[in-house]
């Protein structure tokens, strides 16, 4: 067995699994904090700057593209120098860029600040996924990942309501300012409580030739391809909703930002329930079976959303509940797909966990950027754009779960650590 492959008891940061889960939840929670919390402010932000819808969408899509691309750099850096320095550097830059976003004098400056914020966020989220591989074998890693994602769900629960409340009360700049507080708290916890999890560093991780061959090896691996596709398609479905929902609920339906936040709260709660279901299923069946079952749920949600959208557009009874019902069903499956997908795609690469995590994150954000670009040009009817996008990714999830994951075997747990 590779020396880098560690059981939980062999690494310093695993001495307290609850603390590890808390730190992972905060690090991965940077993503919903950065995106979800400012969603209620998106229409107000557009009006305040007199920006076009495409420019407004760029504050989200540019952040996600920078988030994805930056991980290609952060991954090898963390394999060479360790997770801790990458985390500390990333969270400091994140806090500074959050301040710049809140004070931005123009839409162009806001886009630039959000892009830097995406780069910094990439360091934290990438390292969190790599830490799971540093400490746990694949199946156990999926369980720990689901626990951390439960924490992420709790964070997401409060993001949109807080963002809506702050925007209604004081304006969108206050919503963006709250990101600074989250960053400072996370930075303090990392500094005082996080111990390095990468025991054996890879001295060749930053060499161009070594990096190129490592990337090729990872990308060509069927396990990486399948589980990365799973996490990517699931995130793309969620992103489709995030990119359209504020316009559907606050503009088309005329709901207040606070009410919109409460609707998003229900979605986050469904995701949390999904992560609990994931852990319950993993105690009783294989990862393959879990993902296949979740694929049925995903497909059902996509079909239901299309039916609701196309039938309900002309109906007087059609309301927010008709959108949130299929979306909440989708989020139940999302709570299964994400922990299984994110842990599964890096499982074969204990010595290159940072690089594998980075490539997975890049795939997710590249697809999200493409989807955001498409949405920006199809917002004549935000509801129909949402329905069509969700159906597309639901079909992809079903196909991956039924035909892709079933042919892949995850690495077996090691009986001992050498």
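The values are calculated or read from the model by the stated rules, or taken from the named source; none is laboratory data. Since this is a predicted model, take the numbers as computed values, not measurements. Methodologically, a virtual Cβ is constructed for each residue, glycine included, from the backbone with ideal geometry; neighbour enumeration extends over all protein chains shown.
Summary table below
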{"read-out": "Complete set of residues in segment 110-124 that are surrounded by fewer than 24 Cβ atoms within 10 Å (Cβ to Cβ) and in contact (Cβ under 8 Å) with a residue 40 or more places away in the chain", "value": "111, 115, 116, 119"}
{"read-out": "Those residues of segment 202-231 which are loosely packed, with under 14 Cβ neighbours inside 10 Å and within 21 Å of residue 138 (Cβ to Cβ), in sequence order", "value": "219, 220, 222"}
{"read-out": "Selection within segment 36-52 - assigned to a helix (DSSP H, G or I) and crowded, with 23+ Cβ neighbours inside 10 Å", "value": "36, 39, 40, 41, 42, 45"}
{"read-out": "Test result for residue 285, more than 30 Å from residue 83 (Cβ to Cβ) and surrounded by 16 or more Cβ atoms within 10 Å (Cβ to Cβ)", "value": "no"}
{"read-out": "Condition met for residue 400 (touching a helix residue (DSSP H, G or I) at 6+ places or on another chain (Cβ under 7 Å) and modelled with pLDDT under 90)", "value": "no"}
{"read-out": "Qualifying residue in segment 84-99 (condition: over 14 Å from residue 175 (Cα atoms), under 15 Å from the mean Cα position of the chain (by Cα) and in a helix (DSSP H, G or I))", "value": "no"}
{"read-out": "Residue under evaluation residue 352, criteria (1) farther than 24 Å from residue 156 by Cβ; (2) not in a helix (DSSP H, G or I), criterion not met", "value": "(2)"}
{"read-out": "Residue among 344, 354, 335, 361 that alone is more than 22 Å from residue 251 (Cβ to Cβ), at pLDDT 80 or above and over 14 Å from the mean Cα position of the chain (by Cα)", "value": "344"}
{"read-out": "Some residue of segment 53-64 being modelled with pLDDT under 85, within 30 Å of residue 144 (Cβ to Cβ) and either touching a helix residue (DSSP H, G or I) at 6+ places or on another chain (Cβ under 8 Å) or part of a loop (DSSP other than H, G, I, E, B) (or both)", "value": "yes"}
{"read-out": "Any chance residue 255 is in contact (Cβ under 8 Å) with a residue 12 or more places away in the chain, surrounded by fewer than 24 Cβ atoms within 10 Å (Cβ to Cβ) and part of a helix (DSSP H, G or I)", "value": "no"}
{"read-out": "Selection within segment 87-109 - free of Cβ contacts under 8 Å to residues at least 60 places away in the same chain and either farther than 16 Å from residue 42 by Cα or out of contact with any helix residue (DSSP H, G or I) (no Cβ under 7 Å at 6 or more places or on another chain) (or both)", "value": "89, 90, 93, 96, 97, 100, 105, 108, 109"}
{"read-out": "Test: residue 301 is over 17 Å from the mean Cα position of the chain (by Cα), part of a helix (DSSP H, G or I) and surrounded by fewer than 16 Cβ atoms within 10 Å (Cβ to Cβ)", "value": "no"}
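Let's see how each residue does on (1) free of Cβ contacts under 8 Å to residues at least 12 places away in the same chain; (2) surrounded by fewer than 21 Cβ atoms within 10 Å (Cβ to Cβ); (3) assigned to a helix (DSSP H, G or I):
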site	(1), (2), (3)
311	yes, yes, yes
341	no, no, yes
344	no, no, yes
371	no, no, yes
378	yes, yes, no
393	no, no, yes
